[in-house]
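Below is one structure, written out as structure tokens; comments come after it.
Coordinate-derived values only; no laboratory data. Just so it is clear, the model here is predicted, and its values are computed rather than measured. Ideal geometry is used to build each Cβ from the backbone, glycine not excepted, and the neighbour counts take in all protein chains shown.
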């Protein structure tokens with residue numbers, strides 16, 4: 001089997017990714033950023049709770065922040081693609097959760113060349129002023145070229161309380177019963193409303209939070225073994241396996 005080849009790089013408060021994948025399937029997850037996908041060859045399928053989208057070579061697609069999904073290479077045909085993880089602030093007023101920008105699940109062939117060219121400029125940007133200029137152009141291209149609307153991003157109060165509790169106790173053992181009790185709600189009802197609000201099961205959400213925490217620690221220079229413990233993993237081999245499944249690269253790749 002052909003070895004998957006991927007790379008991540010942080011550029012100010014955005015991230016870029018380049019991948020050459022042949023069979024990798026990412027698990028259910030979401031990003032707290034907008035995810036802009038540029039397919040250069042092959043095709044990638046994205047599955048959402050109520051829909052699925054195939055993005056082919058020469059097309060651009062954007063996934064809304066916090067939209068739960070999983071994705072994988074279509075038909076095991078090699079796929080080369082580039083991704084930009086752009087912060088929510090570029091598309092929304094941070095203090096106005098009632099005007100959150102939602103893009104429709106549609107692809108654009110027209111945007112492939114201009115967005116791809118801006119991606120390449122973003123890759124080499126060195127100064128913050130240039131970064132601001134380029135990201136504004138990217139945002140403008142996306143808002144002009146893809147259908148979108150505005151809506152609310154407010155969570156159910158009890159779900160929001162559970163999310164906060166998870167983040168505050170991510171290095172501890174967390175159970176559904178514990179979280180439901182903390183929110184004063186029945187265990188069964190808690191699982192249902194949590195998935196309805198976030199798109200992920202409670203355990204999948206906890207797993208993702210641990211993965212995100214581990215990325216932060218690795219970028220700070222914390223070694224993988226220590227990172228696994230501080231992120232709530234009590235078995236380093238399990239952490240290594242889950243990290244590679246989520247990001248298609250090993251924890252060592254992110255260590256400074």
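Observations on the model:
- Inter-site label distance for residue 89 and residue 252 at 7 Å from Cα along Cβ, in nm: 3.5 nm
- Region 5-151 shape via C-alpha gyration tensor axes, a/c threshold 1.5: oblate
- Ranked 40, 32, 50, criterion: other C-beta atoms within 10 Å, fewest first: 50, 32, 40
- Taking other Cβ atoms within 10 Å as a rough exposure proxy, 169, 189 sort from fewest to most as 189, 169.
- The ranking of 173, 244 by Cβ neighbour count inside 10 Å, starting from the fewest, reads 173, 244.
- Residue among 20, 177, 68 with the largest mean-square fluctuation in a Gaussian network model of the chain, springs linking Cα atoms under 10 Å: 177
- Between the Cα long axis of helix 128-145 and the first principal axis of the chain there is an angle of about 80°, rounded to the nearest 10.
- Contact order, relative form, for the chain: 17 percent (alpha carbon pairs under 8 Å, 6 or more residues apart, mean separation divided by residue count).
- Shape call, region 86-237: gyration tensor on alpha carbons, a/c limit 1.5: oblate
- Taking label points 7 Å from Cα along the Cα-to-Cβ direction, residue 13 and residue 203 give a separation of 3.5 nm.
- Cα shape, region 45-129, gyration tensor, a/c 1.5 rule: oblate
- Rounded to the nearest 0.05, the FRET efficiency derived from the C-beta distance between residue 129 and residue 102 at R0 = 30 Å is 0.50.
- Helix axis angle, 187-198 relative to the chain longest principal axis, alpha carbon, degrees: 20 degrees
- Radius of gyration over Kirkwood radius for region 157-254, both on Cα atoms: the Rg/Rh ratio is 1.01.
- Once the C-beta distance of residue 216 and residue 241 is scaled by a Förster radius of 25 Å, the resulting FRET efficiency is 0.80 to the nearest 0.05.
- Modelled this way, with points 7 Å down the Cα-to-C-beta line, the labels at residue 192 and residue 173 are 2.9 nm from one another.
- Estimated purely from DSSP H runs of n ≥ 4, each contributing -39500 (n - 2.57), the mean residue ellipticity at 222 nm for the chain is -12000 deg cm²/dmol once divided by its residues.
- For region 167-231 versus region 1-56, the inter-centroid distance based on Cα atoms is 22 Å.
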